1. Run the numbers on the stretch 54-187 and let me know its relative contact order in percent, using alpha-carbon pairs under 8 Å that are six or more apart.
2. For the pair E93 and Q6, what calculated FRET efficiency results from E = 1/(1 + (r/R0)^6), where r is the Cβ-Cβ distance and R0 = 30 Å, to the nearest 0.05?
3. If I histogram all Cα-Cα distances within the stretch 121-176 using bins 10 Å wide from 0, what percent of pairs lands in each bin?
4. Check I128: other-chain or 5+ apart residues with amide H under 5 Å from its amide H, H built from backbone geometry?
Amino acid sequence: MVKTVQLISVEGDAFQVPLSCCHLSEVIYCELECHSDDEDEPKNETQNGTNSCLTLSLTASRIRSSALQKVTDFLIHFEEEEMIPFSPPFSTENLGEIVQKWYADFITLGVDHSLLTDIISAANFLGIQPLLKLAVLAMSININGKSPETLRPMFGISNNLNDSEQKTRVMEENEWAFEARRQFEENHNTIKSDHTGS
């Protein structure tokens, strides 16, 4: 019996993911555990011939269809070809030299800043750590070396950061981005100093 999980985007689009591919997501895994223990509410499970489908509604998370499609693609491919684990410091900003080509293309080709931000939010919400690490790495590479004037419109920041309320809001909403950039620059400087000293 082929079991699938159906994920619903905020727009109402449905995405089918084989059950075997869902172990990466802490949220989906916990939901499946709760569902298997709940014998009184089988209404979300439908069976068609040899297929058994469990519908999980993720509309409350505000995951858009474009991001959920990428999440689905990642989960399915990861089951076929596990992404090489990585951790800083990095000696290059070329993603193709850090992870396999499929993953480098997946997170860069046709992925603009808005979609990348949505992927980060979706991966964070669903607890998919490999996807979250990959997307944050791609974001940190994208913003590394850019001027404040370039970064402000990317993150919806006005030029006036004297407004303490706005400054607090921006820092809270984009905390992951600031931390990713800090870590990337710190590791990049460490590599530079190691090369200079040798």
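1. Working: 80 pairs, mean separation 34.3, N = 134.
The normalised contact order for the stretch 54-187 reaches 26 percent.
2. Working: r = 37 Å, r/R0 = 1.25.
For Q6 and E93, the calculated efficiency is 0.20.
3. Distribution as computed: 20, 46, 29, 5 percent.
4. Under 5 Å from the amide H of I128: E26.
Rule-based calculations on the coordinates, nothing more; no lab input. Predicted model, so just to flag it, every value in this text is computed and none were measured. Neighbour counts are summed over all protein chains in view; Cβ atoms, including those assigned to glycine, are modelled from backbone coordinates with ideal geometry.
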